[in-house]
1. Just a yes or no: is a residue in segment 316-329 surrounded by 14 or more Cβ atoms within 10 Å (Cβ to Cβ) and part of a loop (DSSP other than H, G, I, E, B)?
2. Name every residue in segment 348-399 that is over 21 Å from Leu106 (Cα atoms), among the hydroxyl-bearing types (Ser, Thr, Tyr), part of a helix (DSSP H, G or I) and in contact (Cβ under 8 Å) with a residue 24 or more places away in the chain, in order of residue number.
3. Is there any pair with a first residue in segment 189-204 that is open to solvent by less than 20 Å² (accessible area, probe 1.4 Å) and a second that is acidic (Asp, Glu) whose Cβ atoms are under 8 Å apart and which are 6 or more apart or on different chains, and what are they?
4. Can you tell me how many residues within segment 215-241 are touching a residue at least 24 places away in the same chain (Cβ under 8 Å) and outside any helix (DSSP H, G or I)?
5. Exactly one condition in (1) open to solvent by less than 50 Å² (accessible area, probe 1.4 Å); (2) out of contact with any Asp or Glu (no Cβ under 8 Å at 6 or more places or on another chain); (3) hydrophobic (A, V, I, L, M, F, W, C); (4) in a loop (DSSP other than H, G, I, E, B) is false for Leu276; which is it?
6. Among Lys162, Lys183, which is at pLDDT below 95, closer than 20 Å to Asn275 by Cα and in a helix (DSSP H, G or I)?
Amino acid sequence: MGSRTLSIGASLDSPDGHFERNHTENSSMVSLKFHEPNGVLDQGHQASSPVRRDVNRSLSGVKFLENDDLDLEDGKLEKDRNKTVRSNKAVKIQNQALLSGLAYCLSSCSMILVNKFVLSGYDFNAGISLMLYQNFISVVIVSILSSMGLISREPLTWRLIKVWLPVNVIFVGMLLTSMFSLKYINVAMVTVLKNVTNVITAVGEMYLFKKHHDSRVWAALFLMIVSAVSGGITDLSFHAIGYSWQIVNCFLTASYSLTLRRVMDTAKQVTKSGNLNEFSMVLLNNTLSLPLGILLIFVFNEVDYLYTTPLLRRPDFWLVMTLSGFLGLAISFTSMWFLHQTGATTYSLVGSLNKIPLSVAGIVLFKVPTSLENSASIFFGLLAGVFFARAKMREKTQS
């Protein structure tokens, strides 16, 4: 009987509660039928037939035992059903995490490869115009999604723009130097040289935020520096201009990361909701970059090049340029999705591992001349990036 009480109590919280309650009522009705098979006839024989009463009691006891077995069996069925629901949810969560991870890796790899193809494959010499077009696409898509109510964002106010403008200047510089370096350096070496950003960021955190790192982190950073230097020395397609732009890009990327931490708190205070989500930052950065990008197009005299280049009259070139704009926005969406499905630790580790297939694809697709020493330096640098991610994970766990 105790098991039946637990079963009914549990079923009140479940969608199958009405089934449990109906089953209990039906079992009571069946037991009454054993006591009163003929209504008045049984009432007339109750006092004169003690044997019948004993038989009825025994039959009732048997029936109640059967009902208990049915309740216990229903309880087992309900437990099996709950286990199935939980296993289905677990499979669904794992599928979401796997799908979001694949989408993030595919979009981030494709973005770099497509940019490389536009700048080197088409020999497009207007990196600022490419950045401007990509950012314009991002602004249009985010604005459309916001107007449809699919995403939420903060409205752009003058107070927010004044707070965010210094970060945006660094953001534009980071994008442009990345474009300029990618034109001259192969993809594999770009991914290895980007590790230097982690070294600059760690030093900046130590001096600006008084954050101390353990020995594993510094060992990983040292390996990154060694791999970057050895990779540059053994690079058969070494280009001084490209390496110079990449070094500047590392400093600007680290500066963007460190400045963003300071500005984020101030920016949240001047918003209406007191928060600043990823979509708001995407719209803010890309919108503010448009007038600055137009100004830089005239400063670097890209206007004359755009007038004379035959590439702008080719539909396939516009298709690839537009694809790069969609991929740039896809990275923001898929990174948020992947981060929500997993966590910061898995996100950072997958980001480091993602550089390995990206480097291989860059070498194969663009037929980069390489040597055994350079390939070893690139692979060593990629492993150093993974080691750095694991070291940061352990440091975060210990703290």
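The values are calculated or read from the model by the stated rules, or taken from the named source; none is laboratory data. What you see is a predicted model, and the numbers here were worked out from it, not measured in a lab. Neighbour counts are summed over all protein chains in view; Cβ atoms, including those assigned to glycine, are modelled from backbone coordinates with ideal geometry. What goes into the accessible areas is simple: the full protein's heavy atoms, side chains included, and nothing from ligands, DNA or RNA. Shrake-Rupley method; radii C 1.70, N 1.55, O 1.52, S 1.80 Å.
1. For segment 316-329, residues surrounded by 14 or more Cβ atoms within 10 Å (Cβ to Cβ) and part of a loop (DSSP other than H, G, I, E, B): absent.
2. Hit for segment 348-399 is Ser377, nothing else.
3. Met189/Asp235
4. Residues in segment 215-241 being touching a residue at least 24 places away in the same chain (Cβ under 8 Å) and outside any helix (DSSP H, G or I): 5 in total.
5. Condition not satisfied by Leu276: (2).
6. Lys162
Conditions tested, residue by residue: (1) closer than 19 Å to Leu383 by Cα; (2) touching a Ser or Thr at 6+ places or on another chain (Cβ under 8 Å); (3) β-branched (Val, Ile, Thr); (4) not in a helix (DSSP H, G or I).
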site: Met174; (1), (2), (3), (4): no, yes, no, no
site: His213; (1), (2), (3), (4): no, no, no, yes
site: Tyr243; (1), (2), (3), (4): no, yes, no, no
site: Leu260; (1), (2), (3), (4): no, no, no, no
site: Val263; (1), (2), (3), (4): no, no, yes, no
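Conditions (1) more than 28 Å from the chain's Cα centre (by Cα); (2) under 21 Å from Ala389 (Cβ atoms); (3) of a type in the set (Ser, Thr, Tyr); (4) open to solvent by 40 Å² or more (accessible area, probe 1.4 Å), marked per residue:
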{"site": "Lys211", "(1), (2), (3), (4)": "no, yes, no, yes"}
{"site": "Cys250", "(1), (2), (3), (4)": "no, yes, no, no"}
{"site": "Leu260", "(1), (2), (3), (4)": "no, yes, no, no"}
{"site": "Thr271", "(1), (2), (3), (4)": "no, no, yes, no"}
